[in-house]
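Enquirer: Structure below; questions to follow.
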Amino acid sequence: MNLLVKLKKLERLTTSEQALVDYILDYPGKVIHFSPKELAENSFVSISTIYRLINKLDLDGLNDLKLALVNDLNEHMTDQIIDIDYPISAEDNHYAMTKKLKTVYEQTLQSTIDLNNVEMIASLNLLLKKAKFIDVYASSANIYFAQNFQFQMLEIGKRINVPIDDYTQNLSAANSTSDHLAIVVSYEGRGSSVKKIIDILQKNNSQILLITSQNSPLLKEKVDGILLFSSMENHYNKISSFSTRTSLMYLFDRLYLSFFNQDYEKNLAYKLENYQKMNPNLI
């Protein structure tokens with residue numbers, strides 16, 4: 001059923017829930033860009049009211065509600081808000097493509113922020129701080145984002161291992177100990193290799209930080225921390241992984257910033273001093 005229609009048919013709502021429904025029906029185009037806090041402030045209800053309504057709609061979270069709104073609005077508007085999987089059409093000019101890609105990035109970042117609260121990221125920072133060794137397990141194009149994270153951390157003196165092929169990934173997992181933190185990146189966790197690596201890491205009592213999507217079967221695994229990709233993008237049926245790449249880059253950058261900020265002055269001085277060593281002509 002169309003979400004807007006479903007909202008209109010809801011019964012036995014509290015006063016605050018009805019106020020929220022009315023706001024969503026009046027301003028659906030605004031709601032799709034809101035964080036939970038922004039939606040609560042603009043509709044004058046509590047965040048708990050938002051999630052009670054989401055439960056009554058049988059949705060998994062605010063992200064699902066916003067996705068349903070986008071789909072409904074796109075059905076009734078000449079100019080669609082955005083289709084994350086196919087954000088451009090064959091008729092689009094360069095200006096239109098620029099605007100639409102910007103919208104993809106904005107919606108993806110907001111979705112990723114909504115899925116990963118500040119307290120969660122703060123707790124994960126302790127895993128990074130305590131680990132003597134950090135290994136990042138990724139595949140396909142995600143390896144390049146892992147290597148960028150590796151480069152960022154190396155600039156402040158934290159060495160990270162990013163094994164690339166299946167053999168070295170399995171070997172790294174086999175060599176891991178309780179002193180290791182493994183950052184495992186898998187959007188949907190469908191590959192057999194990632195499950196095998198997690199099994200090895202668990203047997204070796206390694207700490208595991210999982211980066212995956214909301215619908216991933218890997219969420220059933222016993223891990224020490226979880227970060228979630230934005231899940232607005234179809235894994236296969238799309239022009240490119242604009243949204244997924246943006247989401248992963250944000251998550252790695254956010255981890256880096258948390259680690260950097262825990263000893264800001266020291267890390268900044270270390271980075272600048274080493275660049276001075278590499279290039280004495282720097283002022």
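The values are calculated or read from the model by the stated rules, or taken from the named source; none is laboratory data. The structure presented is a predicted model; accordingly, all values stated were derived computationally and were not measured. Using ideal geometry, Cβ is built from the backbone for each residue, glycine included, and neighbour counts are taken over all protein chains shown. SASA here: full protein model, heavy atoms, side chains in, ligands and nucleic acids out. Shrake-Rupley method; radii C 1.70, N 1.55, O 1.52, S 1.80 Å.
Enquirer: Inspect segment 255-275 for any residue being in contact (Cβ under 8 Å) with a residue 12 or more places away in the chain, in contact with a helix residue (DSSP H, G or I) (Cβ under 8 Å, 6 or more places away or on another chain), charged (D, E, K, R) and surrounded by 14 or more Cβ atoms within 10 Å (Cβ to Cβ) and give the result as yes or no.
Expert: no
Enquirer: Yes or no: L218 part of a helix (DSSP H, G or I), open to solvent by less than 10 Å² (accessible area, probe 1.4 Å) and modelled with pLDDT under 95? Outline the logic, then answer.
Expert: Details: part of a helix (DSSP H, G or I): yes; open to solvent by less than 10 Å² (accessible area, probe 1.4 Å): yes; modelled with pLDDT under 95: yes.
Considered against the rule, which asks whether it is part of a helix (DSSP H, G or I), open to solvent by less than 10 Å² (accessible area, probe 1.4 Å) and modelled with pLDDT under 95, L218 comes out as yes.
Enquirer: Given the residues L101, L109, which is the only one that is outside any loop (DSSP other than H, G, I, E, B), in contact (Cβ under 8 Å) with a residue 60 or more places away in the chain and touching a Pro at 6+ places or on another chain (Cβ under 9 Å)? Talk me through it step by step, then tell me what you get.
Expert: Working: L109 fails: touching a Pro at 6+ places or on another chain (Cβ under 9 Å).
After ruling out the rest, the residue left standing is L101.
Enquirer: Just the residues that are out of contact with any helix residue (DSSP H, G or I) (no Cβ under 7 Å at 6 or more places or on another chain), under 22 Å from L228 (Cβ atoms) and not in a helix (DSSP H, G or I), please, taken from segment 162-205.
Expert: The answer is I183, E188, R190, G191.
Enquirer: Now for a different question. Which members of segment 117-137 meet the condition of being within 25 Å of N63 (Cα to Cα) and in contact with a Phe, Trp or Tyr (Cβ under 9 Å, 6 or more places away or on another chain)? Talk me through it step by step, then tell me what you get.
Expert: Within segment 117-137, the subset within 25 Å of N63 (Cα to Cα) is 117-125.
N125 - this is the single residue of segment 117-137 that is within 25 Å of N63 (Cα to Cα) and in contact with a Phe, Trp or Tyr (Cβ under 9 Å, 6 or more places away or on another chain).
Enquirer: Cβ-Cβ under 7 Å, sequence separation 6+ or interchain: first residue in segment 238-249 and under 14 Å from E106 (Cβ atoms), partner small (G, A, S) and open to solvent by less than 50 Å² (accessible area, probe 1.4 Å). Which pairs?
Expert: Pairs that qualify, where the first residue is under 14 Å from E106 (Cβ atoms) and the partner is small (G, A, S) and open to solvent by less than 50 Å² (accessible area, probe 1.4 Å), are S243/S230; S247/S230.
Enquirer: Name the residue that is farthest from P87 (Cα to Cα), counting only residues in segment 233-254 that are open to solvent by 30 Å² or more (accessible area, probe 1.4 Å) and hydroxyl-bearing (S, T, Y). Let's see the steps before the verdict.
Expert: Just the residues of segment 233-254 that are open to solvent by 30 Å² or more (accessible area, probe 1.4 Å), to begin with: 234-242, 245, 249-250, 253-254.
Those left that are additionally hydroxyl-bearing (S, T, Y): 236, 240-241, 250.
Values: Y236: 15, S240: 10, S241: 11, Y250: 20 Å.
Per the stated criteria, the residue is Y250.
Enquirer: Yes or no: I47 under 28 Å from the mean Cα position of the chain (by Cα) and crowded, with 16+ Cβ neighbours inside 10 Å?
Expert: Numbers: under 28 Å from the mean Cα position of the chain (by Cα): yes; crowded, with 16+ Cβ neighbours inside 10 Å: no.
Here the answer is no, as I47 does not meet what is asked.
Enquirer: Further, regarding this structure: Taking the condition of being open to solvent by 50 Å² or more (accessible area, probe 1.4 Å) and modelled with pLDDT of 95 or more, how many residues in segment 169-195 meet it?
Expert: Number of matching residues: 6.
Enquirer: Of the conditions (1) over 26 Å from T108 (Cβ atoms); (2) outside any loop (DSSP other than H, G, I, E, B); (3) charged (D, E, K, R); (4) open to solvent by 10 Å² or more (accessible area, probe 1.4 Å), E41 fails just one. Which one is it?
Expert: For E41, the failing item is (1).
Enquirer: Within segment 24-44, track down each residue that is aliphatic (A, V, I, L, M) and either closer than 21 Å to T112 by Cβ or at pLDDT 95 or above (or both).
Expert: Matches in segment 24-44: V31, I32, L39, A40.
Enquirer: Which residue out of I121, I211 is modelled with pLDDT under 95 and either under 16 Å from L251 (Cβ atoms) or open to solvent by 60 Å² or more (accessible area, probe 1.4 Å) (or both)? Give the derivation first.
Expert: Values: I211 fails: modelled with pLDDT under 95.
Result of the check over I121, I211: I121.
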